[in-house]
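Written below as structure tokens is the structure these notes are about.
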Amino acid sequence: MASPRHRIAQRFDELQAADRAGLITFISAGDPDYDTSLDILRGLPAAGADIIELGMPFSDPMADGPSIQQASRRALNAGQDMHKTLAMVRAFREQDSETPLVLMGYYNPIHRMGVARFLELASDAGVDGLIVVDLPPEHDEELRHPAQAHGLHVIRLATPTTDERRLPRILQDAPGFLYYVSSTGVTGATDAMPEQVEAQWRRIRRQIDLPIGVGFGIRTPDQARRIAGFADAVVVGSALTDCLQHAECAVEGKHAVLERVRALADAIAEAR
Amino acid sequence: MGFPAQRLESVPDANGCFGHFGGRFVAETLMPLTLDLEAQYAAVKDSASFRAELAALQRDFVGRRSPLYFAARLTDRLKGATIYLKREDLMHTGAHKINNCLGQMLLARHMGKQRIIAETGAGMHGVATATVAARFGMDCTIYMGSADIDRQHPNVERMQLLGAEVVPVSHGTGTLKDAMNEAMRDWATNVASTFYIIGTVAGPHPYPTLVRDFQSIIGQEVREQVLDREGRLPDSLLACIGGGSNAMGLFHPFLQDPDVRLIGVEAAGHGMATGRHAASLQGGVPGVLHGNRTYLLQSEDGQIVDAHSVSAGLDYPGIGPEHAWLHETGRGDYVAITDDEAIDAFRTLCHLEGIIPALESSHAIAHAIKLAPTLPSSHIMVINLSGRGDKDMTTVTRYLADTSTNRGAA
């Protein structure tokens, strides 16, 4: 039997066939605690998440705004670590073998565990891709090549500061999908401007066939609908971690996250 | 581990790496900025007008060159090596930090930036940055950990008086690393208008190189001064290390002189065995933080852990990548000094030489106090007195009161 299609490619094929944008949801693993976080993770596909980004909490999240910083902090304070994050993926895969799952975070915890050991465990757990915020193309070979051997995509990012000279370097060898960071600054900080984002998205679209997900500053169903009019996928993170921050208790937080995901998914479904 | 093939003259490489340390491990938003900074720096650094303007400011604004002072009574007391102090404490703003700030400020102006940001720990880099920002009429925002704001309050007032906005950072541990995280977030947000003046030989390439270059004036002067006085090069150079900018500035002009021993002194805090220290080389493992690969204090899980030192300026869980490389190649020797030893050295220098050293620099003096008696008087030792200790009076007074209380209780 031929090897199965990569889950990420498979999912984008399905989205294209249905002519709709995908919803990529970010939560921080272990936020606010392991059990609640696993419950949320398991509930995401049914609530409308097409692809899951699971954050690996880090003590020094330099590219994140207050919401995801606090999510990382809550998770670490509750005892989350890399092994628990991988265990959470394994538990998720027991019930869901179709939804692509991408781990997102910073390089140091991977570096500490050792790239080879990390990839072995991540691949075994059922991870499909990695987004490592502080590992630009200039340095990503040490992770990207061995990851490929395990069938894991190291997702590339482009930003508003990525100029024409630099873009080809990012697009070259980019696997899975491209993550377009729609504003400068940190996660959750400023509202995305759909018109400007669309112009940027078209600029990149002309140069690459890979699906392009758009994230940073997309909070409301209305914003998601507008981005989903053109983008291949919409990434929402801080708006979900906010739900956990503002909740009175973990159970309420879980319901709030899943409800927000349903609202975003409904809005995206109406976009085209 | 073997001696890396990379030769001294060819470091850092095109990706900003010293051996496997350094690099530019930053988010894509910042990547084009670091590339632009590197290109702009390469374009101006050797131009005659840039060098002439920097030299004039170093002379008339900073007060260079700084004296090389023969510490006669300290030498007599220790009955060993001949000890000189490089008097960076006498420079404008009271520490070596201004050397780097002036250089980066000229670069910022060349790049057409209107706003300066910086991180600070002890506040010395913040004060130096606020000073040059005032001198050049730039807006200035300084990020400082809330714990450091408490223990270095006079420096907060100095920065404010100089017109800078001091933003407290309470995330994480409220110390230097958190201030640096916040400065990087600001930089990623205000990419067009803002120049980030990093205060030490860390951060993404080209910072470790350009900070080193601007601080190398310390070692260049020492070289001339020692040759002038002694007719030969020194035998050993000692400097304290947090991120490592004063040490790198002293060491760098001597890297090609294998007979000159380079000794970096980290902060052992409560003692290496307690785990409560700031000695990244002695007690850390390689990792990636703040844009570079280097030795870091971190947990098994790769989370950065708190550094501990009585001196706020050494209280950083990482170290400049070039030091990590000198450590691995064996070119540099790195040791650690505890809080107690640093405080004793602080008092010794006050009493014997009439000089109040910064607590940071006191770590280098403390190691000299251990090392000098084992050496002959023909051995020439230069200690970088990187800053003055006025800022540390409260800390030292409190420390001594606590220590005597504890001793009384025991």
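The values are calculated or read from the model by the stated rules, or taken from the named source; none is laboratory data. Note that the structure is a prediction, hence the values are computed from the model and not measured. Neighbour counts are summed over all protein chains in view; Cβ atoms, including those assigned to glycine, are modelled from backbone coordinates with ideal geometry. Remember, those area values only see protein heavy atoms, side chains included, never the ligands or the DNA or RNA. Shrake-Rupley method; radii C 1.70, N 1.55, O 1.52, S 1.80 Å.
General remarks:
- Options A:Ala228, A:Ala247, A:Ala189: the member that is under 15 Å from B:Thr29 (Cα atoms), of a type in the set (A, V, I, L, M, F, W, C) and in contact with a helix residue (DSSP H, G or I) (Cβ under 7 Å, 6 or more places away or on another chain): A:Ala189
- B:Thr329 more than 14 Å from every other protein chain (Cβ to nearest Cβ), touching a residue at least 24 places away in the same chain (Cβ under 8 Å), more than 23 Å from B:Ile198 (Cα to Cα) and open to solvent by 30 Å² or more (accessible area, probe 1.4 Å): no
- Scan of region A:171-182 for residues that are within 25 Å of A:Ser238 (Cα to Cα) and either within 12 Å of chain B (Cβ to nearest Cβ) or among the aliphatic types (A, V, I, L, M) (or both), ordered by number: A:Leu178, A:Tyr179, A:Tyr180, A:Val181, A:Ser182
- Hits in region A:183-208 (condition: assigned to a loop (DSSP other than H, G, I, E, B) and without any contact (Cβ under 8 Å) to a residue 40 or more places away in the chain): A:Ser183, A:Thr184, A:Thr190, A:Asp191, A:Ala192, A:Met193, A:Arg206, A:Ile208
- If you go through region B:367-395 and keep only what is open to solvent by less than 10 Å² (accessible area, probe 1.4 Å), under 21 Å from B:Asp89 (Cα atoms) and in a helix (DSSP H, G or I), you end up with B:Ala368, B:Asp392.
- If only residues of region A:134-148 that are in contact (Cβ under 8 Å) with a residue 24 or more places away in the chain and either part of a helix (DSSP H, G or I) or crowded, with 24+ Cβ neighbours inside 10 Å (or both) are counted, the one that is nearest to the other protein chains (Cβ to nearest Cβ) is A:Asp134.
- Scanning region B:264-308 for residues that are part of a helix (DSSP H, G or I) and under 13 Å from B:Gly318 (Cα atoms) turns up B:Ser280, B:Leu281, B:Gln282, B:Gly283.
- Scanning region B:141-198 for residues being open to solvent by less than 20 Å² (accessible area, probe 1.4 Å) and facing chain A (nearest Cβ under 10 Å) gives a total of 10.
- Index of the failed condition, B:Tyr207 passing every other in (1) open to solvent by 10 Å² or more (accessible area, probe 1.4 Å); (2) more than 15 Å from B:Tyr69 (Cα to Cα): (1)
- Options A:Arg165, A:Arg117; residue that is facing chain B (nearest Cβ under 10 Å) and farther than 17 Å from A:Asp64 by Cβ: A:Arg165
- Whenever a residue of region B:286-305 is more than 7 Å from every other protein chain (Cβ to nearest Cβ), its partners that are open to solvent by less than 30 Å² (accessible area, probe 1.4 Å) and of a type in the set (Val, Ile, Thr), lying with C-beta atoms within less than 6 angstrom and at least six residues away or across chains, give the pairs B:Gly291/B:Val26; B:Thr294/B:Ile319; B:Tyr295/B:Ile319.
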